[in-house]
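The values are calculated or read from the model by the stated rules, or taken from the named source; none is laboratory data. Note that the coordinates shown come from a computational prediction; the quantities given were computed from them, not determined experimentally. Here the Cβ is made from the backbone with ideal geometry for all residues, glycine too, and neighbour counts use every protein chain on show. Ligands, DNA and RNA are excluded from the accessible area calculation, which covers all protein heavy atoms including side chains. Shrake-Rupley method; radii C 1.70, N 1.55, O 1.52, S 1.80 Å.
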Amino acid sequence: MSVNTFGRVFRFTTWGESHGPAIGAVVDGCPPGLTLCETDIQPWLDKRRPGQSRFTTQRQEPDQVRILSGVFEGRTTGTPISLMIDNVDQRSKDYSDVAQAYRPGHADYAYDAKYGRRDHRGGGRSSARETAARVAAGAVARLVIPQVRIRAWVEAIGGDAIDPARLDDAQIEANPFFCPDPVAAMRWEALVDGARKAGSSLGAVVTCEATGVPAGWGAPLYAKLDAELAAAAMSINAVKGVEIGDGFAAAANTGEGNADRMQPGREGPEFLANHAGGITGGIATGQPIRLRVAFKPTSSILTPVETITRDGAATTIATKGRHDPCVGIRGVPVVEAMMALVLADQMLLHRAQCG
């Protein structure tokens, strides 16, 4: 069984390969009557679009989305919404070596072991190209939860982190790194340039925060909001770690130090801390939901590395083509999209049970 669908009530399925004619998503469970057209989706795709700076892959894809179904006279009908994005700048010949040998760290061997065959052109379904479809679906999800504000940024590249004291929302869109710290952004220019010129790559940490999520969204045990967010983030290509709130740092804290103390407020409790990241018992507390996501370095690199061929012979491989020297940079709009998709689903689940 190949699972390509995510969600319970608000569900989406992605389809297509990196070097196929197109990629896309089918969104099901979207409420009817929402205003939707391509211009509601395109700005989010433009944030993720490749080739916008020397710090990302130079593949030139316009990522123009088309709505094929589920919308009539500018409003959603409640039926499946089909979204399609054409692939226009494939260079499949760059991957001829990959057809015969596995790229270490990539999904080449794992796909071959599972299916007995694989699409070696750009990695097929395992390529980060698939995430454009998620971003398109996430744009639809945002319309379901207009009261929620979602923002994400790059917190660290190659282990070099921002200074939280300099975090400035206005800076996130002002540089090619989605970096809220202008000083760190200047350092990262040299850091990422160095990796790119060396034929190597760097990892990154992306932080995503959602505000305006009402207390009560989520569910205990088997549909926990934090569990759904973790699953959504871990499903993103190249993600190897997820933290909610303080995450692993909570393991070094004490009970009293980790407590999100409360005091009476005019409109309910006022929290004095948010170690839990806005979720307790799998249910939102009304505080900002905080998610941190670790992206590994891009596996497709020009530096030769040891590997084996499909026949099991020892060899080395250096991946040709156009690749992100730090895939986590363009991961920012993808993490935002997955946050929106989970929250839209959880809002509809909450409404179904609690009215």
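Observations
- In the stretch 144-158, residue nearest to Leu34 (Cα to Cα) [restricted to those that are open to solvent by 30 Å² or more (accessible area, probe 1.4 Å) and in a loop (DSSP other than H, G, I, E, B)]: Pro146
- The set of residues in the stretch 104-120 that are in contact (Cβ under 8 Å) with a residue 40 or more places away in the chain and either farther than 13 Å from Gly312 by Cα or within 22 Å of the chain's Cα centre (by Cα) (or both) comprises Pro104, Gly105, His106, Asp119.
- Enumeration of residues in the stretch 297-355 that are over 20 Å from Arg121 (Cα atoms), open to solvent by less than 50 Å² (accessible area, probe 1.4 Å) and of a type in the set (D, E, K, R): Arg330, Glu336, Asp345
- Set side by side, the residues Ala198, Ala161, Ala141 differ, and just one is of a type in the set (Gly, Ala, Ser), under 30 Å from Gly20 (Cβ atoms) and either over 15 Å from the mean Cα position of the chain (by Cα) or open to solvent by less than 10 Å² (accessible area, probe 1.4 Å) (or both), which is Ala141.
- One residue from Asp193, Asp181, Asp168, Asp163 being of a type outside the set (A, V, I, L, M, F, W, C) and in contact with a Pro (Cβ under 7 Å, 6 or more places away or on another chain): Asp168
- Some residue of the stretch 238-252 being β-branched (Val, Ile, Thr) and more than 14 Å from Thr207 (Cα to Cα): no
- Members of the stretch 9-51 that are at pLDDT 95 or above and in a loop (DSSP other than H, G, I, E, B): Val9, Phe10, Gly29, Cys30, Pro31, Pro32, Gly33, Leu34, Leu36, Cys37
- Unmet criterion (only one of (1) small (Gly, Ala, Ser); (2) in a strand (DSSP E or B); (3) open to solvent by less than 30 Å² (accessible area, probe 1.4 Å)) for Ala294: (3)
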